[in-house]
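In what follows, a structure is listed as structure tokens, so that the remarks can point back to it.
The values are calculated or read from the model by the stated rules, or taken from the named source; none is laboratory data. If you're wondering where the values come from, they're calculated on a predicted model, not measured in any experiment. We place every Cβ from the backbone using ideal geometry, glycine too, and count neighbours over all the protein chains shown.
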Amino acid sequence: MFRMSFGIFTAQNHPSMYSKYQKHLQDELKGIAEAGLFKNERVITSPQGAEISVSSGQKVLNFCANNYLGLSNNPKLKEAVKQALDSHGYGMSSVRFICGTTDLHKKLEEKIAEFFGTEDTILYAACFDANGGVFEPLMGEEDAIISDSLNHASIIDGVRLCKAQRYRYANADMADLEEKLKEAQAQRFRLIVTDGVFSMDGNVAPLDKIYELANKYDAMIMVDESHSAGVVGQTGRGVTELYKLKGKVEIITGTLGKAFGGAIGGFTTGKKEVIDMLRQRSRPYLFSNSIPPSVAAAGIKMVEMMSETNELQDKLHENTAYFSEKMIQAGFDCKPTQSAIIAVMLYDAKLSQDLAARLLEEGIYVIGFYYPVVPKGQARIRVQISAAHERAHLDKAIAAFTKVGKEMGIIK
Ligand SMILES: *Cc1c(COP(=O)(O)O)cnc(C)c1O
């Protein structure tokens with residue numbers, strides 16, 4: 001009886017607010033669609049890989065996944081997951097500090113530290129959480145965070161949650177960074193923050209120069225290796241390997257969701273006391289669930305595989321060099337890359353969308369990006385290369401780009 005009257009009460013009072021709000025949302029959504037910014041999702045019906053099936057039934061070659069090492073459907077990782085499911089079960093039902101830590105979580109943390117040459121590691125549910133939870137416990141009002149203008153959204157959000165003074169320097173612009181470091185001399189502690197690879201251009205942060213400036217102006221460094229771990233550096237140890245600075249930066253964040261198997265999970269790795277403090281005070285760590293033990297087991301296996309052989313990194317580097325060389329030969333305007341991201345510049349938003357649509361008809365899945373994801377007049381197609389791509393896949397994509405590019409008057 002009571003329940004029923006409660007139901008009537010809400011039914012009478014609640015909808016009028018929602019009907020106004022619903023109208024508001026509908027208008028906003030319409031605005032997004034009219035601006036041509038509505039994001040539609042393509043439904044994949046196969047495992048992630050070089051070749052995927054989509055819900056229309058079409059089979060396409062995938063050139064837009066972060067599956068850099070081709071590990072998303074790797075048999076050894078799947079086997080590690082199956083074994084851990086049997087030995088450690090499905091979920092942890094707990095945050096780490098209550099009862100969410102297994103031997104697998106601890107071992108993965110050690111393995112990641114070994115991989116990057118750091119002192120300790122803390123796992124998160126995602127790198128978004130690692131970045132969301134790294135600044136607030138470490139830097140206070142008296143301190144300065146000096147952040148690259150193209151840093152990932154999760155770094156921007158993490159910095160917002162922190163009381164430190166904020167400085168922003170133009171992307172990879174060392175003169176501007178130096179200016180900001182001078183301005184920040186009044187603060188107690190200084191932290192320079194940069195992505196390792198910038199995801200829209202594929203350029204690498206000039207960590208050698210950042211390191212020099214950090215020494216000159218007494219600052220610490222944090223690098224987000226999400227797009228660079230597994231990819232950059234001869235053995236895929238990221239930008240600290242590329243610039244021979246392994247173990248020299250104070251803080252590294254990264255993801256298990258890209259080159260490292262592509263499932264889920266993030267981490268912060270670096271100086272011991274930094275990690276100790278994050279375990280005490282980092283909110284996404286203290287108030288969010290542990291990653292499943294099976295994901296930790298696959299992570300351990302992944303690091304072991306990468307320590308046994310450099311096959312995947314070598315193949316990825318070869319593939320990337322081959323693809324960009326052939327595309328430039330074909331006449332495309334590609335940004336120079338130091339990662340597995342190749343930006344094929346088109347400058348025109350509509351052209352980027354039309355080209356991507358035509359390429360899909362040819363069986364090549366790529367995405368066109370335009371303002372506000374990239375600056376106005378800088379529209380492009382971002383191609384992401386994988387160690388899962390065979391030479392035939394690359395050749396097919398290059399042929400399709402060439403054919404459609406000529407058709408549309410982009411190349412001669
Ligand atoms: C992808 C990405 C993230 C987010 O990683 P998730 O583990 O998917 O949350 C954070 N930072 C950068 C630079 C990234 O590219």
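If I filter the range 259-290 down to residues being surrounded by fewer than 21 Cβ atoms within 10 Å (Cβ to Cβ) and among the aliphatic types (A, V, I, L, M), which single residue comes out as nearest to the ligand (Cβ to nearest atom)?
264
Of all residues in the range 249-258, which are more than 11 Å from the ligand (Cβ to nearest atom) and touching a Phe, Trp or Tyr at 6+ places or on another chain (Cβ under 7 Å)?
252 - this is the single residue of the range 249-258 that is more than 11 Å from the ligand (Cβ to nearest atom) and touching a Phe, Trp or Tyr at 6+ places or on another chain (Cβ under 7 Å).
Determine the pairs where a residue that is closer than 20 Å to residue 59 by Cβ and hydroxyl-bearing (Ser, Thr, Tyr), located within the range 365-384, has a partner that is at pLDDT 95 or above and in a loop (DSSP other than H, G, I, E, B) with Cβ atoms under 7 Å apart, the partner being 6 or more residues away or on another chain.
365/63; 365/64
Just give me the residues in the range 110-131 being more than 9 Å from the ligand (Cβ to nearest atom) and within 23 Å of residue 94 (Cα to Cα), in sequence order.
Answer for the range 110-131, where residues must be more than 9 Å from the ligand (Cβ to nearest atom) and within 23 Å of residue 94 (Cα to Cα): 110, 111, 112, 120, 121, 122, 123.
Quick grid of which residues meet (1) within 16 Å of the ligand (Cβ to nearest atom); (2) crowded, with 16+ Cβ neighbours inside 10 Å; (3) outside any loop (DSSP other than H, G, I, E, B):
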site	(1), (2), (3)
18	no, no, yes
31	no, no, yes
52	no, yes, yes
56	no, no, no
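Mind checking whether some residue in the range 156-171 is within 16 Å of the ligand (Cβ to nearest atom), under 21 Å from the mean Cα position of the chain (by Cα), in contact (Cβ under 8 Å) with a residue 60 or more places away in the chain and within 13 Å of residue 251 (Cβ to Cβ)?
No, the range 156-171 has no match at all.
Can you say whether residue 184 is hydrophobic (A, V, I, L, M, F, W, C), away from the ligand (no atom under 16 Å from the Cβ), under 26 Å from residue 243 (Cα atoms) and crowded, with 20+ Cβ neighbours inside 10 Å, as far as the supplied structure shows?
The answer is yes for residue 184.
Hey, can you tell me all the residues within the range 26-36 that are touching a helix residue (DSSP H, G or I) at 6+ places or on another chain (Cβ under 9 Å) and among the hydrophobic types (A, V, I, L, M, F, W, C)?
none
Under the condition of being in contact (Cβ under 8 Å) with a residue 60 or more places away in the chain and within 16 Å of the ligand (Cβ to nearest atom), which residue from the range 230-241 is surrounded by the fewest Cβ atoms within 10 Å (Cβ to Cβ)?
Across the range 230-241, the extreme among qualifying residues is 236.
Does residue 202 qualify as being within 20 Å of residue 335 (Cα to Cα), under 13 Å from the mean Cα position of the chain (by Cα), more than 11 Å from the ligand (Cβ to nearest atom) and touching a residue at least 40 places away in the same chain (Cβ under 8 Å)?
Taking the combined requirement at face value, the residue satisfies it.
Just to be sure I understand, how many residues within the range 163-174 are in a loop (DSSP other than H, G, I, E, B) and on the phi < 0 side of the Ramachandran plot?
5
If you check every pair at least six apart or on different chains, which have Cβ atoms under 7 Å apart with a residue in the range 124-142 that is surrounded by fewer than 21 Cβ atoms within 10 Å (Cβ to Cβ) first and a residue that is of a type in the set (Ser, Thr, Tyr) and part of a loop (DSSP other than H, G, I, E, B) second?
Pairs found: 125/288; 137/282.
For residue 201, indicate whether it is under 19 Å from residue 270 (Cα atoms) and not hydrophobic (A, V, I, L, M, F, W, C).
Judged against the criteria, residue 201 is not a match.
So which residues in the range 368-393 are buried (at least 18 other Cβ atoms within 10 Å of the Cβ) and not in a loop (DSSP other than H, G, I, E, B)?
368, 369, 379, 380, 381, 382, 383, 384, 393
Regarding residue 324, is this residue among the polar types (S, T, N, Q), outside the structural domain of residue 104 (by TED's automatic domain parsing) and in contact with a Cys (Cβ under 9 Å, 6 or more places away or on another chain)?
Yes; evaluated as a whole, the condition is true for this residue.
Filter the range 368-399 for residues that are under 17 Å from residue 358 (Cα atoms) and of a type in the set (Gly, Ala, Ser) and give the result.
Scanning the range 368-399 gives 368, 379, 397, 399.
Being touching a residue at least 40 places away in the same chain (Cβ under 8 Å), among the polar types (S, T, N, Q) and closer than 12 Å to residue 121 by Cβ narrows it down to one of 255, 269, so name that one.
Matching residue, one of 255, 269: 269.
Among 339, 352, 386, 324, which is the only one that is touching a Pro at 6+ places or on another chain (Cβ under 9 Å), small (Gly, Ala, Ser) and closer than 21 Å to residue 227 by Cβ?
324
Can you list residue pairs whose Cβ atoms sit under 8 Å apart, with the first residue in the range 336-364 being closer than 19 Å to residue 41 by Cβ and the second being charged (D, E, K, R) and not in a helix (DSSP H, G or I)? Count only pairs 6 or more apart in sequence or on different chains.
Pairs that qualify, where the first residue is closer than 19 Å to residue 41 by Cβ and the partner is charged (D, E, K, R) and not in a helix (DSSP H, G or I), are 352/380.
Considering each residue of the range 204-229, count those that are polar (S, T, N, Q), closer than 25 Å to residue 314 by Cα and surrounded by fewer than 24 Cβ atoms within 10 Å (Cβ to Cβ), and give that number.
The total comes to 0.
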